[in-house]
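K.L.:
Below is one structure. I have some questions about it.
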Amino acid sequence: MDTDVPDTSIPVQIEIFTERLLNPETVERLVTEFAKIEGITRLIMHGPRIAAAVPEGPAKGTPNVHAARRHIQVGQQDVELGVQVGRFWLELEDEDVIEQVEEVSRRILPCGFQINRGLYIRTRPTQTDYAKWGVIKDTRVLGMTDPKSKSRICAIYPRER
Amino acid sequence: MAQLIPGTSKVAANRRKALDPTKTLDKVRDVSDDDVVAILGHRTPGTAYPATHPPLAEMGEPEDPMRELVKPTEGAAAGDRIRYIQFTDSMYFAPMVPYVRSWMAATRFRGVDPGTLSGRQIIEARERDLDKLGKMLLESEAFDCARSGVRGCTVHGHSLRLDQNGMMFDMLQRSVMNPDGSVSIVKDQVGRPLDKAVPVGKPMSDADLKSRTTIYRVDGEAARADKELITYIQRIHTLRTMWGFKPMA
């Protein structure tokens, strides 16, 4: 059996891992540039959480004033950042897009970064998905939610959706 | 001379300096007494120390040679509450590593209970003793305003990448970098906003941090490159492994 035949069912997914945790302004500029690239189908921003309220201690429940927790504008869409971004997971239409992503990252990011190839966003539903959402017809939403979060979608959607 | 830490590297020398109570740590900033109290957040600056028991002098303690031998600290004598200060130190060349911070508290201060966790270090003491040691630590080279933090809760950040501006990640953002590059502490150690920001100066440069750090790192001074340190660690490891806590060699 020829094992070199590429499995076309496995999507092209990459991770951009930055040397520093990025501030919202940099994230806004970078994602705005990503939005201009044809061929990025899905994108997730990942990093340590910044809670809206102090989660523990004597100040529990009071608003958490943090410069990195704010809304960013990507095209016409307003996105609330709940994390300090340190990784981007991107699903691409094909491998040729990686070069464009790398060029944009090099231009925008003020620090070093790595681009890793792997599988970062789920392609098949889990039992938890079924329990929470039932049968998912649009497979593009798979892996776009944080299973532990009470919020629903935590990723950028195309404008028309 | 106490045998504190083996090693010929700069990191080992820094550790010896931190642990040796006869050596004075460099003072790198000024923080007022009231600001220290505000950062700790245990009481309002300027108010009296709440007591948990009457002063020892009024308690009529029984005669005891140990009581005469070991004099109580100022806070214990006054009957202060026991309160804490907790530090988080970034693994990116922070001046202190949590274990060394605990050892330092044990060798430099009396009447304290230091404790080390994976990425944070707590020192418990009587309140007025705590104010003094907290001030000393915050003003010294053992604290860098970007790579160290006073965090009573939500301490996460020690092992995370630094922020874009070089600050250690803090979910509660207790300290902020000003446009001129200096840092101000804007919340107390549990995340309550302070009435006024406490300026703590500019962060140390990378070169300065590397010269003061007590952290071995492969991209700084690697522990394995310090032959003397490794020799002692291997010797202790061998003795412990072969003879437990009663080495006969």
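Values quoted throughout were computed directly from the atomic coordinates according to the rules given, and no laboratory measurement underlies them. Given the structure is predicted, the values throughout are model-derived calculations rather than measurements. Counting neighbours? That spans all protein chains shown, and the Cβs are built from the backbone with ideal geometry, glycine included.
K.L.:
Taking springs between alpha-carbon atoms closer than 10 angstrom, which of B:A13, B:A76, B:A207 fluctuates most in the Gaussian network model of chain B?
P.N.:
Residue with maximal mean-square fluctuation among B:A13, B:A76, B:A207: B:A207.
K.L.:
Given the Cα-Cα distance of B:K132 and B:E68 and 0.36 nm per residue of separation, how much length would full extension add, in nm?
P.N.:
20.6 nm
K.L.:
GNM, chain B, Cα, under 10 Å: largest mean-square fluctuation among B:T154, B:T47, B:T88?
P.N.:
Highest fluctuation among the options: B:T47.
K.L.:
Next question, about the same structure. Put +1 on the Cβ of every Lys and Arg and -1 on every Asp and Glu Cβ in the protein assembly as shown; which of B:A222, B:M66, B:T116 then has its Cα farthest towards the positive end of the dipole?
P.N.:
Result: B:M66.
K.L.:
What dipole magnitude, in Debye to the nearest 20, does the protein assembly as shown give about its Cα centre under +1 on Lys/Arg Cβ and -1 on Asp/Glu Cβ? Could you put the intermediate results ahead of the total?
P.N.:
On the way: 58 positive and 57 negative charges, 173 e Å.
That gives the protein assembly as shown a dipole magnitude of about 840 debye.
K.L.:
Kindly state, to the nearest 0.05, the FRET efficiency for A:R122 paired with A:E93, given R0 = 22 Å and r defined as their beta-carbon distance. Can you show the working numbers first?
P.N.:
Details: r = 18 Å, r/R0 = 0.82.
That gives a FRET efficiency of 0.75.
K.L.:
Counting Lys and Arg as +1 and Asp and Glu as -1, each charge on the Cβ, what is the dipole of chain B about the Cα centre in debye, to the nearest 20? Don't jump to the answer; show the numbers that get you there.
P.N.:
On the way: 36 positive and 33 negative charges, 189 e Å.
Dipole of chain B, to the nearest 20 debye: 900 debye.
K.L.:
Now, a different point. Remind me, relative contact order of region B:1-140 in percent, using alpha carbon pairs under 8 angstrom and six or more residues apart?
P.N.:
28 percent.
K.L.:
So, by mean Cβ neighbours within 10 angstrom, what's the order for B:89-101, B:210-222, B:23-35 with the highest one leading?
P.N.:
Peptide ranking by packing, descending: B:89-101, B:210-222, B:23-35.
K.L.:
Can you tell me how chain B classifies by the Cα gyration tensor, rounded, prolate or oblate, using a/c under 1.5 as the rounded cut?
P.N.:
Cα axes put chain B in the oblate bin.
K.L.:
Now for a different question. Pick out which of B:A225, B:A57, B:A142 has the largest mean-square fluctuation in a Gaussian network model of chain B, springs linking Cα atoms closer than 10 Å.
P.N.:
Sorting by GNM fluctuation, first place goes to B:A57.
K.L.:
Sort out for me the Cα centre separation of region B:162-180 from region B:61-79, rounded to whole Å.
P.N.:
43 Å
K.L.:
Also, I was wondering about something else. Which whole-number percent is the relative contact order of chain B (Cα, under 8 Å, 6+ apart)?
P.N.:
Numbers: 418 pairs, mean separation 57.8, N = 249.
For chain B, the relative contact order is 23 percent.
K.L.:
Further question: Projecting each Cα onto the charge dipole of chain B (Lys/Arg +1, Asp/Glu -1 at the beta carbon, about the Cα centre), which of B:L194, B:A12, B:L133 comes out farthest on the positive side?
P.N.:
B:A12
K.L.:
Sticking with this structure for a sec: Evaluate E = 1/(1 + (r/R0)^6) for B:K196 and B:Y99, where r is the Cβ-Cβ distance and R0 equals 51 Å; express this FRET efficiency to the nearest 0.05. It would help to have the intermediate numbers written out before the result.
P.N.:
On the way: r = 34 Å, r/R0 = 0.67.
Step by step, r from the Cβ atoms, then E = 0.90.
K.L.:
So how much slack lies between B:K227 and B:D20, counting 0.36 nm per residue of separation and subtracting their Cα-Cα distance, in nm?
P.N.:
Once the chain is fully extended between B:K227 and B:D20, it gains 72.3 nm.
K.L.:
How about region B:155-194: which trypsin sites (Lys or Arg not before Pro) there lie in a loop by DSSP and see at most 16 other Cβ atoms within 10 Å? Before the final figure, lay out each step's value.
P.N.:
Values: sites: B:R161, B:R174, B:K187; in loops: B:R161, B:R174.
Within region B:155-194, no trypsin sites (Lys or Arg not before Pro) qualify (loop, at most 16 other Cβ atoms within 10 Å).
K.L.:
Moving on to the next point. Quick check for me: using +1 on Lys/Arg Cβ and -1 on Asp/Glu Cβ, what's the dipole size of chain A about its Cα centre, in debye to the nearest 20?
P.N.:
Details: 22 positive and 24 negative charges, 225 e Å.
Once rounded to the nearest 20, the dipole reads 1080 debye.
K.L.:
What is the sum of charges, Lys and Arg at +1 and Asp and Glu at -1, for the other residues whose Cβ falls under 12 Å from the Cβ of B:R15?
P.N.:
Neighbour charge sum, excluding B:R15 itself: +3.
K.L.:
Run down the lysines and flag those whose C-alpha is under 20 Å from the C-alpha of B:K196, throwing out any fewer than 8 positions away in its chain.
P.N.:
B:K135, B:K187
K.L.:
Along the positive direction of the dipole of chain A (beta-carbon charges: Lys, Arg +1; Asp, Glu -1; about the Cα centre), which of A:Q13, A:A35, A:I72 reaches farthest?
P.N.:
Sorting the options by dipole projection puts first A:I72.
K.L.:
Now, a different point. According to the square roots a ≥ b ≥ c of the eigenvalues of the Cα gyration tensor, what is the shape class of region B:1-130, taking rounded for a/c under 1.5, prolate for a/b larger than b/c otherwise, and oblate for the remainder?
P.N.:
Judged from the Cα gyration tensor, region B:1-130 comes out oblate (a/c at least 1.5, b/c at or above a/b).
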